[in-house]
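The values are calculated or read from the model by the stated rules, or taken from the named source; none is laboratory data. Just so it is clear, the structure is predicted and the values come from calculations on it, not from any experiment. Ideal geometry is used to build each Cβ from the backbone, glycine not excepted, and the neighbour counts take in all protein chains shown. With ligands, DNA and RNA removed, areas are computed over all heavy atoms of the protein, side chains included. Shrake-Rupley method; radii C 1.70, N 1.55, O 1.52, S 1.80 Å.
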Amino acid sequence: MMRIAFLHTADVHVATFEQIFNDLGNSAQLDHHVDASLLERARREGIEAVRADVEERLSDLNAADVVLCTCSTLGPLADDVAKTSGGIVRIDRPLMEQACEDGDKVLVALCLDSTREATLNLLNDCAEDAGRIITPVVVICSDAWAFFEAGDMEAYASSIADAIRAKIATEPGIESIVLAQASMRVAEAKLADLGVPVRSSPIVAAKRCLEMVSEKAKARPDSSRRASLTS
């Protein structure tokens, strides 16, 4: 059986990704690993303070066919490990690639300022790869994170949506909205009436992981032999 491993920094992501992969018809084994201390330390001391630990966690998990790092703050570290270890996915990279196709003026919503630089650098990199010039408009939903930490996801979603609506009121011409952190997916439904695409990372990243799993399964030496035996 093919295996997908996850590095999370919050327990809530386990149920979220179990549901998403189930809805997508996944048949791979899902292995979840949660280490909240990585995000806590990265916010307090900067991501370089956790580089060695993140590299070690991802290397340990890389025995799986695909590894998904679901923390946006740790994304640059996941990208760095991916350069030498195949099969590692940074959760927001597929999202930013998709956002570059929506239009030139993208509202980027964040709850943690600690991920601002990494997120914008990634968006710019993806835009450059796509031959696009993107004008990001950033909104920090600073009041929302306390609700997330308290486990009040309804209030978390409402706070994110309120901050985004307030920003849009002062920024005409927004062509798409990016909810840059995985947990922010809960606000999608509250923004559905805005008339522009509202994008979040979990489903897009999950689909990318399943594509990679499928490609690896086809490339296994015994796959063609099994196919011939059953034909």
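Once you reduce region 4-52 and region 172-214 to the center of their Cα atoms, the two points are 17 Å from each other. The residue list A5, C111, S142 was ranked by how far each Cα lies along the charge dipole of the chain toward its positive end, using unit charges on Cβ atoms, and A5 comes out on top. Counting alpha carbon pairs within less than 8 Å and at least 6 residues apart, what relative contact order, in whole percent, applies to region 1-160? So the answer I get is 19 percent. Between the beta carbons of S214 and V14, assuming R0 = 25 Å, the FRET efficiency works out to 0.60 to the nearest 0.05. A Gaussian network model of the chain, with springs between Cα atoms under 10 Å, assigns the largest mean-square fluctuation among S183, S159, S72 to S159. Share of carbon and sulfur in the accessible area of the chain stands at 47%, probe radius 1.4 Å. Charging the Cβ of each Asp and Glu at -1 and of each Lys and Arg at +1, and nothing else, the dipole of the chain about its Cα centre rounds to 660 debye. Each Lys and Arg adds +1 at its Cβ and each Asp and Glu adds -1 at its Cβ; summed about the Cα centre, region 1-57 shows a dipole of about 60 debye.
At full extension, D80 and K105 could sit 6.2 nm farther apart than now, given 0.36 nm per residue minus the alpha carbon distance. For the chain, lysine pairs with C-alpha atoms less than 29 angstrom apart, excluding pairs fewer than eight positions apart on the same chain, total 10.
Here the Debye sum runs over all C-alpha atoms of region 119-231 as equal scatterers in vacuum, and log10 of I(q)/I(0) at q = 0.16, 0.23 Å⁻¹ comes out as -0.83, -1.35.
Charging the Cβ of each Asp and Glu at -1 and of each Lys and Arg at +1, and nothing else, the dipole of region 70-179 about its Cα centre rounds to 80 debye.
A P(r) calculated from all alpha carbon pairs of region 1-123, with 5 Å bins opening at zero, reads 2, 11, 20, 23, 21, 15, 7, 2, 0 percent. Each peptide in 21-28, 80-87, 135-142, 94-101 gets a packing score, the mean of other Cβ atoms within 10 Å over its residues, and the list from highest to lowest is 94-101, 135-142, 80-87, 21-28. Among C100, I203, I177, which residue has its Cα positioned farthest towards the positive end of the charge dipole of region 95-230, with +1 placed on the Cβ of Lys and Arg, -1 on the Cβ of Asp and Glu, and the dipole taken about the Cα centre? In region 95-230, that residue is I203. Average accessible surface for the chain: 47 Å² per residue, computed with a 1.4 Å probe over protein heavy atoms with every protein chain in place.
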